[in-house]
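Heads up, the thing below is written out as structure tokens.
Values in this text are rule-based calculations from the coordinates and carry no lab data. Predicted, not measured: the structure shown is a model, and the values here were computed from it. Here the Cβ is made from the backbone with ideal geometry for all residues, glycine too, and neighbour counts use every protein chain on show.
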């Protein structure tokens, strides 16, 4: 639902000066921060696991794993909202929109 309405959520956030933080890869659409795996990461993980299953590995024998998360920051949005993003957070970001 968030994906379908992200434009409206971001517009409302901007109107009321509320930063939008979401687990979506849509920093360019006005989200201030995101912390989530990329679609590519999830796709590679899914295809690797599907390959194992199709080769006959029993699902119960597969270990539980999580995808690697990436931090993205949109500094243009931060500037628009009057938010100063700490340098230590910028240093940790994997993706930055300036």
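From its DSSP helices (H runs of at least four residues, each -39,500 (n - 2.57)), the chain gives a residue-normalised ellipticity at 222 nm of -11500 deg cm²/dmol.
Springs between Cα atoms under 10 Å define the GNM used for the chain, and in it the highest mean-square fluctuation of 31, 42, 64 occurs at 64.
Paramagnetic label reach from residue 79 (point 7 Å along Cα→Cβ; backbone nitrogen cut-off under 19 Å): within segment 6-41, residues 14-15, 17-20, 27-34. Which residues in segment 80-95 place their backbone N less than 20 Å from a point set 7 Å from the Cα of residue 35 along the Cα-to-Cβ direction? Zone members listed by number: 83-95. By how many degrees, between 0 and 90 and to the nearest 10, does the Cα long axis of helix 6-15 differ from the longest principal axis of the chain? With rounding to tens, the tilt is 30 degrees. The GNM of the chain, with springs linking C-alpha atoms under 10 angstrom apart, assigns the highest mean-square fluctuation among 87, 26, 45 to 87. Can you give the log10 of the normalised intensity I(q)/I(0) at q = 0.28, 0.29 Å⁻¹, computed with Debye over equal Cα scatterers of segment 19-81? Results for segment 19-81 at q = 0.28, 0.29 Å⁻¹ read -1.10, -1.14. Compared with the dominant Cα axis of the chain, that is its longest principal axis, helix 39-54 is turned about 10°. What fraction of the DSSP beta bridges in the chain is antiparallel, stated in percent and rounded to the nearest 5? That works out to approximately 50 percent antiparallel. Model label sites at residue 12 and residue 95, defined 7 Å from Cα along the beta-carbon direction, differ in position by 2.3 nm.
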